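Take a look at the structure set out below.
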Amino acid sequence: MPTESAIAEKRQQILQGAMEIFLHQGYEGTSMDRVATAAGVSKITIYKHFADKEGLFTALIEQIAEQRFNRVLGGIYLEKEPEEVLRHIATQILQLIASDEQYVAFFRLIMGESGRFPELAQLFVRALPQRAWKVLGNYFATHPKLDIANPEATARIFTGTVISYAITQYILHGEQIAPMPSDVLIENLVHLIVNQSSS
């Protein structure tokens with residue numbers, strides 16, 4: 001009988017093969033046969049781990065979201081001063097989108113398929129953006145030096161501004177026609193967020 005580590009290793013092997021096919025073929029164009037070939041396993045083996053294609057894609061969303069959430073927010077000590085916390089989060093988001101090719105490709109896939117498969121896009125929103133909004137919103141609401149009227153809205157404004165900058169600069173190549181140093185954006189955004197609580 002396979003050990004837990006062997007089962008986890010086989011599951012990861014399937015997910016790696018699935019990621020390759022989903023990114024190249026899209027959600028609709030992906031079949032379990034193609035995933036099995038890419039993963040080097042039988043289709044029966046895939047079905048032992050995942051109920052269907054949607055279950056497989058859901059597992060990928062959860063894995064991608066967990067890894068990137070931990071990268072951006074996992075090492076944050078939320079008792080630190082707002083300026084330090086917000087600079088760190090903004091910097092991590094920008095580095096993620098600027099350097100993580102797999103995440104960017106997966107994000108493009110989610111966006112491209114969102115019209116036909118809105119429920120998959122909603123899974124992604126729940127697994128990553130919504131989770132980040134909650135953590136950051138709670139931080140805004142409970143930090144003793146902050147007095148923010150709407151913490152959730154502020155969390156969305158903060159992350160949305162950083163992500164919009166990253167998309168236009170790095171993915172849409174806006175840095176070539178509308179350059180702005182990332183540290184300038186971060187400093188001004190942090191200033192706006194922190195100062196609004198004292199105004």
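Restricting to region 99-152, and then to whatever is closer than 26 Å to I76 by Cα and of a type in the set (D, E, K, R), can you tell me which residue is modelled with the lowest pLDDT? Among those that are closer than 26 Å to I76 by Cα and of a type in the set (D, E, K, R), it is K145.
So in region 47-66, with the set limited to residues that are more than 20 Å from E113 (Cβ to Cβ) and not hydroxyl-bearing (S, T, Y), which one is surrounded by the most Cβ atoms within 10 Å (Cβ to Cβ)? Across region 47-66, the extreme among qualifying residues is H49. Across region 140-199, the qualifying residues are those that are in contact (Cβ under 8 Å) with a residue 24 or more places away in the chain and among the hydroxyl-bearing types (S, T, Y), and the one among them that is farthest from L94 (Cα to Cα) is S198. Among the residues of region 67-93, just one is touching a residue at least 24 places away in the same chain (Cβ under 8 Å), open to solvent by 50 Å² or more (accessible area, probe 1.4 Å) and closer than 30 Å to A8 by Cβ, namely R71. Among (1) open to solvent by 70 Å² or more (accessible area, probe 1.4 Å); (2) under 25 Å from the mean Cα position of the chain (by Cα), there is one condition M1 misses while meeting the rest; what is its number? Failed condition: (2).
Here is a yes/no grid of residues against (1) hydroxyl-bearing (S, T, Y); (2) closer than 30 Å to G26 by Cα; (3) in contact with a Pro (Cβ under 8 Å, 6 or more places away or on another chain):
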position	(1), (2), (3)
L120	no, yes, no
L123	no, yes, no
P129	no, yes, no
N138	no, no, yes
K145	no, no, yes
A155	no, no, no
I167	no, yes, no
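For region 17-46, the set of residues classified as of a type in the set (S, T, N, Q) and more than 20 Å from E113 (Cβ to Cβ) consists of T37, S42, T45, listed by residue number.
The values are calculated or read from the model by the stated rules, or taken from the named source; none is laboratory data. Small disclaimer: the values here were computed from a predicted structure and weren't measured. We place every Cβ from the backbone using ideal geometry, glycine too, and count neighbours over all the protein chains shown. Only protein heavy atoms, including side chains, enter the accessible area calculation; ligands, DNA and RNA are left aside. Shrake-Rupley method; radii C 1.70, N 1.55, O 1.52, S 1.80 Å.
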